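The numbers here are math on the coordinates, done by the rules we state, and not lab data. Note that this is a predicted model, so its numbers are computed, not measured. Here Cβ is always computed from backbone atoms with ideal geometry, including for glycine, and neighbour counts include all displayed protein chains.
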Amino acid sequence: MTAVHTTEPPRLPVRQKVAAAERGWGGVSPMLTRLAAERATGILFREHGTLHLADGLVVHAESSCAPGLETLLTAHGTLAVEVWRQALGETDDDHQAGHLAGLRLVDAGLLTLGAFELCRLTALYDAAYFVLAPSSTPGRFRYGTAPAAGHRAVRRVPVAALERETLRRRDLLHRIWPDAATDEAPLARTDLPAAPALTRRQRAVLAQADGVRTAPDIARALGHLAFHTLVDVRRLAAAGVLAPLRPAVPEPPEPPLTPETAEPPGAVGAAPEPAPPPDPGQPPPLPSRGRPAYGTADPGRPASGYGMPGLTEPLPPDPHITLLKRLRDALEAL
């Protein structure tokens, strides 16, 4: 017996769980994971907002679904609106205007660095949740230069930490109430006879539900974080006191009338009346090819008035009767 030595087949690739956890539990956005790995600098544009990166780290997030830094600083008296607008007008960077305005206020002593950093990180995570939401359009990245020098004083967020927090928030909302329609649809109060005990913040959210405002609209009106408002909305929906208004489904249009489906004039919604019975004194109608049988009405021609009502042609004369009439006329003429 001859022994044959062969090379061992290559091992199948095995997914490294530790590396996947470091990438943000498998990755919410593959493009964002790749940009973080290559330490890219620029702006990532997605369907619901933008993420600003510097050396692969997130420094800022913007979304139309979440209140910005201005709302969080001015809604509850932390900063006057006029002071913020003045600082915002002195900046010359459209994409980093909020950050630069906040740093100007910190340098001017009108805002502490701790308060600014807390509001900035809170607004970043709040907007990033919506930016990293499932999207129907692909994202695009625009490479750019490094942010302003003042951004060295603020904390940058790793992409993995941002993705882990986004997934944790998704899971929390799903456990509270699995219907995601409450996040985007207009909200209205229900007619529940016995409402459960609500917190002050939940009562404030419920008071804003007028059938027109959505959860982001309510968060902006109250000066609250958008994600916290989503939590309150889903808890109210689970309690049965709040419900989303779903769009009405249009009824399918009626098919156009065709010669096969059109009804005859004068018989809309009703069957045509049956023809009167034939006269017993008349012989039965004889069928003919290519035209209606005698004794039946032809809908394509008017009645002639001979024979029974509604007939189109008179009955044919009997030849025996005709011959008898001629003999009678001849005898009478003698």
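At-a-glance table
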{"quantity": "Cβ-Cβ FRET estimate between residue 191 and residue 221, R0 fixed at 41 Å, reported to 0.05", "calculated": "0.95"}
{"quantity": "Paramagnetic reach from residue 78 in segment 199-228 [backbone N under 13 Å; point 7 Å along Cα→Cβ]", "calculated": "223-226"}
{"quantity": "From the C-alpha gyration tensor of segment 18-173, square roots of 5λ in Å", "calculated": "27, 17, 14"}
{"quantity": "Neighbour-count order for 141, 227, fewest beta carbons within 10 angstrom listed first", "calculated": "141, 227"}
